[in-house]
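Take a look at the structure set out below.
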Amino acid sequence: MRRPARPSARTARPLTSQARAARPLTTAPSTARPLTARPLTARPFTVRAVAAVAAVGTVAAGLAVRAGADGAFAKYAGSALYTVLLCALLALCAPRARPLVVASTALGLSWAVEFGQLTGVPAELSAHSTAARLVLGSTFNAPDLFWYAVGAAVAWSVHAGARRLAASSATP
């Protein structure tokens, strides 16, 4: 006696919603929230506009600190603001990115630039260009690594707080 042929994976029809509901579960459903499932709190255009204003404000704050203060305060405030500016620019480029991703990426870029100063390439470029001196610096300074982290933490807290505020005002 011949058995009836089983449908292959290509010819099998998908289960209907009733058939899926009637089928017993083989594993317990996951209660963990998937990493990609997150509510959008604001439209990308709005986030970009806020990030652009934050970037301009950060540059203005950096110039004000540079013009009005000197010494250690000006140096380390500039280091922290450097990372805050990177956070604003990253949020401008990737408006749906999570605040922690934005802050950690900006921190990593800041540290990469600082460690790059150990090579001497930024010093050579800084000798020829003011823009390179402002963006890349010229000499390695270990305390800057800490102040970059402070700037990333401040930017993360502001970004996360703004996102929470937008989410709470968007829900009725």
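The values are calculated or read from the model by the stated rules, or taken from the named source; none is laboratory data. The structure displayed is predicted, hence computed values, not measured ones. With ideal geometry, Cβ positions are generated from the backbone for all residues, glycine too; neighbour counts draw on all protein chains shown. The area values use the complete protein model at the heavy-atom level, side chains included, leaving out ligands, DNA and RNA. Shrake-Rupley method; radii C 1.70, N 1.55, O 1.52, S 1.80 Å.
Brief remarks follow.
- Any hit, region 97-109, residues being surrounded by 12 or more Cβ atoms within 10 Å (Cβ to Cβ), among the charged types (D, E, K, R) and within 14 Å of the chain's Cα centre (by Cα): yes
- Residue selection: ALA88 fails the criterion of being within 11 Å of ALA155 (Cα to Cα), open to solvent by less than 30 Å² (accessible area, probe 1.4 Å) and touching a Phe, Trp or Tyr at 6+ places or on another chain (Cβ under 9 Å).
- Residues that are open to solvent by less than 50 Å² (accessible area, probe 1.4 Å) and within 14 Å of the chain's Cα centre (by Cα) were ranked within region 131-159; the one that is farthest from LEU107 (Cα to Cα) is HIS159.
- Where helices (runs of 4 or more DSSP H) fall entirely within region 84-172, none has at least 1 residues that are within 21 Å of VAL59 (Cβ to Cβ), among the basic types (Lys, Arg) and modelled with pLDDT of 95 or more.
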